[in-house]
Amino acid sequence: MQTDATLLAKFLVDGGLLAKADAAAALAAAGNDQKKLGDNLVSAGKISEDELRRVKAYVIGVPFVSLSNEKIPYEILSLIPEPVARRHNIVAYKKTDAGLEVAMLEPDDLTAIDFIKKSLGLKILPRLTDTASIKNALLQYQKSLKQEFGDLIKTESAAVAQMAVDENAPEGELKKLAENLPIVRMVDTLLSHAVTEQASDIHLEPYEKELVVRYRIDGILHDAMILPRTVAPGVTARIKVLANLRLDEKRLPQDGRFKLETGGTHVSFRVSILPTYYGEKIVLRLLPDSATGRALESMGFHGEGLERIHQGLKASTGMILATGPTGSGKTTTLYSMLDILNTPDVNISTIEDPIEYQVARINQTQVKPEIGLTFASGLRSLVRQDPDIIMVGEIRDKETVALAINAALTGHLVLSTLHTNSAAGAIPRLLDLGAESFLLVSTLNVVIGQRLVRRLTKERVPHKLSKTELAKLKDTVDLDRVLAVLKEEKIIKPNADWSDVSFYQPTPSGESPDGYAGRIGIHEILTVSPAIKELIMKNATADAIEVEAKRAGPLGGAGMLTMLEDGIFKAAQGITTIEEVLRVVTE
């Protein structure tokens, strides 16, 4: 189904979409590579992607269909699983005696066509469509799934309510309830729904007359559904059984975990149960297996900061710390760095609480304080296991920090996390935990401070800041530094100023009610330079260390970008909004 570049250019010119001169110049640059020709024309703004697709469809003889305002029956739409549809931009929309008609953005995606053909045993009739049509169809998946889940939850809740089992019932009765089919279906549906909604946490909160279910999506809690209070004992018992926890223990907190495969995705659920006035509150943290091994660039690291991390990872000894509050992505950052370091010629060992992701060829140990296996005792044993690289889940106390520094001094690269508000704040915190300043300057290489901000969807709208808004923003952040980095990384032209830069605002849609989807990190990466080592020896404040880090560019750049500055940098790229950055950094 490949299109000859010359033929494609001719049809674009004949259709009045492209000037002859532009076609000749594009052909000269692309040769006879039709994909390169199309990409060049789109990136240069000569034609739109959808215009290119329509012409391609005409040239190769594939019918073009528009599904922008079409309601697709769910029984047809669901023939292609949503993950496959989203990954390959392909949806089923009509089934006839001739076969299954599927709309695609790329009709020469033979892999997707072959997969669907083998899965369904039907003849596949590919049709070309536009971006708006695919978005509309994918949105219908979500609406259909929500409706399906809502109806199932309502049905099963009614069935469970009729059982009327008290939460103080004997263990045997609770176990029997946990294995009851309506309870099993309801909990499985709740978990699957949360995965579909891309939630990071599920909160199950019992109150006097109801059980409130909330999902944390992109860092914000949303009410998902409200269930009758009568279903709480069964739901709690089922989750306890899945996590292998005690059914008869209702007075003390319990922690556990379990794995589940839903929609082709393997997800680990970390369970925390806490007794409250009206019963046991349950919080489940969702940890998709696919979250490991993410590229640092995709997490928001860039420019000189990224180079500083790679320089730190090349060292065979020393410490690299990720700092920030709970839920700021510190552990994901550590795992991504471990993924870079995880080669056959090194031995990597970790001590974690909890083990969030299982990683091949890494020796992972779970902290168990109840039997004396703490971070400190585990780290003490790890150094006798001949490791090259050690990851300590968190530095919490004097003993752990002393052992981590000692491990870094004796030929190991140590990665860990610390709860501080900034990268510079990590140094006074380590000193406060009992670290000796002369040992710290010998071991500490890089400190990463981070937060997570919500990403804007593609439906964002541009917004130019007024002079008043710029002046107000200048009171909060050093815009000159941000502008210099935007120019340095070629995001804007060398002679541009803030009047040339567009920021963006969210546009709510059916798929993203608040105009955001997903999250990305904003960071500050502090390299412990000779000047900062001198400040550490003088017990300088975090503010003094940050001022020096911003001034000193050990790799020849403009110095450390603070998290706030990095957030404005990303807002200027249209990745997030100024309001979101200020919410996260100043909250």
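Over all Cα pairs of region 499-548, how is the pair count split among 10 Å bins, expressed in % and running from 0 up to the last occupied bin?
19, 25, 17, 21, 16, 3
Could you tell me which of LEU535, SER509, MET560 has its Cα farthest along the dipole of region 446-584 towards the positive end, charges placed at Cβ (Lys, Arg +1; Asp, Glu -1), taken about the Cα centre?
Checked the options; the winner is SER509.
In bins 10 Å wide, starting from 0, what share of all Cα pairs of region 432-522 does each bin hold, as a percent?
Once binned at 10 Å, the Cα pair distances of region 432-522 give 13, 27, 31, 16, 12, 1.
Tell me, what are the semi-axes, in whole angstrom and largest first, of the equivalent ellipsoid of region 312-422 as set by the roots of 5 times the Cα gyration tensor eigenvalues?
Over the Cα atoms of region 312-422, the ellipsoid semi-axes are 18, 17, 15 Å.
Over the Cα atoms of region 88-134, what radius of gyration and what Dmax do you get, in Å?
In order Rg, Dmax, the Cα atoms of region 88-134 give 9.9, 29 Å.
Each residue of region 524-538 in order: what ³J(HN,Hα) in whole Hz does its phi give by Karplus 6.51 cos²θ - 1.76 cosθ + 1.60, θ = phi - 60°, with x for Gly and Pro?
So the Karplus estimates, Gly and Pro as x, are 9, 10, 9, 8, 7, 7, x, 5, 6, 4, 5, 5, 4, 5, 8 Hz.
Step through the residues of region 345-359 one at a time and calculate ³J(HN,Hα) from phi using the Karplus curve (6.51 cos²θ - 1.76 cosθ + 1.60, θ = phi - 60°), rounding each to whole Hz and writing x for Gly and Pro.
Residue by residue, region 345-359 yields 8, 10, 10, 10, 10, 10, 10, 9, 8, x, 6, 7, 9, 8, 10 Hz.
Quick check for me: using +1 on Lys/Arg Cβ and -1 on Asp/Glu Cβ, what's the dipole size of region 384-464 about its Cα centre, in debye to the nearest 20?
780 debye
Measuring from label point to label point, each 7 Å out along Cα→Cβ, what is the ALA471 to LEU252 span in nm?
For ALA471 paired with LEU252, the spin-label model returns 6.3 nm.
Express in nm, to one decimal, how much length is gained between LEU139 and ASN342 on full extension, taking 0.36 nm for each residue of separation and deducting their alpha carbon distance.
Net length gain for the segment: 69.2 nm.
Excluding same-chain residues fewer than 8 positions from LYS94, which lysines have a Cα within less than 21 Å of its Cα?
Of all the lysines, those that pass the test against LYS94 - Cα under 21 Å, at least 8 places apart if same chain - are LYS71, LYS117, LYS118, LYS123, LYS135, LYS143.
With a ≥ b ≥ c the root eigenvalues of the C-alpha gyration tensor of region 287-351, is it rounded (a/c under 1.5), prolate (a/b larger than b/c) or oblate?
rounded
Between ARG380 and LYS314, how high is the FRET efficiency from 1/(1 + (r/R0)^6) when r is the Cβ-Cβ distance and R₀ = 45 Å? Nearest 0.05.
Calculated value: 0.95.
A short reminder: the numbers here are calculations on the coordinates, not readings from a lab. Remember, it's a predicted structure, so these values are computed and weren't measured experimentally. Neighbour counts run over all protein chains shown; Cβ positions are idealised from the backbone, glycine included.
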